[in-house]
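Take a look at the structure below.
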Amino acid sequence: MPRKVITPKQKIEYLSILDGDGNLDETLDPKLDSDRALYIYKLMLVARCLDERMIKMQRQGRVGTYGPCHGQEACHCAASVVMAPDDWIVHAFREPGSFFHRGWPIERIIQFWGGYEEGCCPPEGANDLPIAVPIATQTVHAMGIAWAMKLRGKKDAVLCYLGDGATSEGDFHEAMNFAGVYHLPVVFFVQNNQWAISVPRDQQTASETIAQKAIAYGFDGLQLDGNDVLAIYAGTKETVEKARGGGGPSLIEAVTYRLGVHTTADDPKKYRSDEEVARWQKLDPIPRFHNYLVKRGVLDEKLAGEIESDVLEIVKAGVDRYEAGRDVDPLDCFTHMFSELPAELVEQREEFRQALEREGIAHGH
Ligand SMILES: Cc1ncc(C[n+]2csc(CCOP(=O)(O)OP(=O)(O)O)c2C)c(N)n1
Ligand SMILES: [Mg+2]
């Protein structure tokens, strides 16, 4: 028998609609209406403004840690707006704009990073899972929700965020495989920001693209320009509509870049060059979309200024509410892990209590 080349039916495509200066490729225009376009712009500014505040708050000891989305705002802000209230969004940990869009109060987003359990509680009626820090575990949850939708005969879809590093975890492959076999209504949305802490993309996988991993599981992959709001919006809409219509899962790889630190406990200068950061800085999704909106005639300096003041106020009010609701008992860090505290922790707790006493720090309420 002759050898022959097997060509999979599934495909991978790449989509970019705005160039680096915000010029539109009219043949690919998703015809985003002006209100929605301005709304996505505002969401991206909320995410960036919150990022800046959170880094400062962490440095001041007002939250424990924070993982900024600086440079990646287009991904989650343009993708989450595609989801209807009955659809589910399963988050990773770099999507503050998505939480805000789905009605999570700003202070609740801050509470998560401040170590408060309330930061994990979705607002009444929101079909969202909270932040998932354990890498890729949320992909299996997303697959499970999509399976439940299918069993119940619903026509909704699930959007699941993850990072490039998460694609090396077993959970991701199990979720992809199951979603493919059972033809589930789920879109796996990889934010390929080129780094998993200090591990670069080329040490994460030998695949030419992350999108092509879909082919092995029997569905299509779509690689998007992750700093292009229009490409993200159009690509997510298309795959989500396909899922809702019974067309099965998709894998999106949004090619983007983490301009900031991995988290506040990271110093990226130790593992990447200033030139690389400068190259991506030029593709910052916010000025790029801003330029597009100005060229389209829906944004001018006056309106941009109004949106910025509005955003500052939204974030400031959220920070104020977080601060007003803070009631910290440092001894709480011993409280929630064990029903009965082991002897060495009883000792540590007592030692800590005495230290707080000596320093005059309030505790034990
Ligand atoms: C199961 C698990 N292993 C390790 C970690 C520590 N950790 C936190 S973020 C991270 C890198 C994740 O990289 P990626 O998936 O690319 O997401 P990004 O941080 O770039 O958004 C690691 C290894 C973790 N949180 N969970
Ligand atoms: Mg990454």
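Any read-out appearing in this document is the output of simple, stated calculations on the displayed coordinates, not a laboratory observation. Not measured: the values here are computed from a predicted model. Note: ideal-geometry Cβ built from the backbone for every residue, glycine included; neighbour counts use all protein chains shown.
The equivalent ellipsoid that matches the C-alpha gyration tensor of segment 89-181 spans semi-axes of 24, 17, 9 angstrom, in descending order. Helix 343-359 axis versus longest C-alpha principal axis of the chain: approximately 70°, rounded to the nearest ten. Holding the Cα-Cα limit at 19 Å, pick out from LYS4/LYS213; LYS42/LYS316; LYS11/LYS282; LYS31/LYS282 the pairs that are longer than that. As for pairs spanning more than 19 Å Cα to Cα, those are LYS4/LYS213; LYS11/LYS282; LYS31/LYS282. Within segment 290-365, the ratio Rg/Rh, alpha carbon atoms throughout and Rh by Kirkwood, equals 1.41. Extension gain, LEU331-LYS282: 0.36 nm per intervening residue step, less the Cα-Cα distance, totals 13.0 nm.
Under the combined filter of DSSP loop state and at most 16 neighbouring Cβ atoms within 10 Å, segment 187-286 retains these trypsin sites (Lys or Arg not before Pro): ARG272, LYS282. Seen from THR205, the other residues with C-beta closer than 15 Å to its C-beta sum to a net charge of -3, counting Lys and Arg as +1 and Asp and Glu as -1. Neighbour counting of Cβ atoms within 10 Å sorts the residues VAL90, VAL277, VAL319, fewest neighbours leading, into VAL277, VAL319, VAL90. Between 0 and 90 degrees, the angle of helix 137-151 with respect to the longest Cα principal axis of the chain falls at about 60 degrees. With the Kirkwood sum run over all distinct C-alpha pairs, the chain has a hydrodynamic radius of 21.9 Å. Given axes a ≥ b ≥ c from the Cα gyration tensor, I'd like to know whether segment 285-324 is rounded (a/c under 1.5), prolate (a/b larger than b/c) or oblate. Prolate, because a/c is 1.5 or more and a/b exceeds b/c.
I'd like to know which of PRO285, ALA211, VAL319 lies farthest towards the positive end of the charge dipole of the chain, counting +1 on Cβ of Lys and Arg and -1 on Cβ of Asp and Glu. The one lying farthest along the dipole's positive direction is ALA211. Directionally averaged projected area (segment 210-365, Cα convex hull): 17.8 nm². Taking 7 Å steps out from each Cα toward its Cβ at GLU117 and THR65 produces label points 2.1 nm apart. Dividing the summed helix terms, -39500 (n - 2.57) for each DSSP H run of n ≥ 4, by the number of residues in the chain produces a 222 nm estimate of -13500 deg cm²/dmol to the nearest 500. Ranked for footprinting exposure by Cβ neighbours inside 10 Å, fewest first, VAL346, VAL229 give VAL346, VAL229. With R₀ set to 35 Å, the beta-carbon distance separating ARG358 from THR137 gives a calculated FRET efficiency near 0.30.
Work out how much length VAL298 to ALA148 would gain on full extension: take 0.36 nm times their residue separation and subtract the Cα-Cα distance, in nm to one decimal.
49.9 nm
Spacing of the modelled spin labels on GLN348 and LEU28, each 7 Å from Cα toward Cβ, amounts to 5.2 nm.
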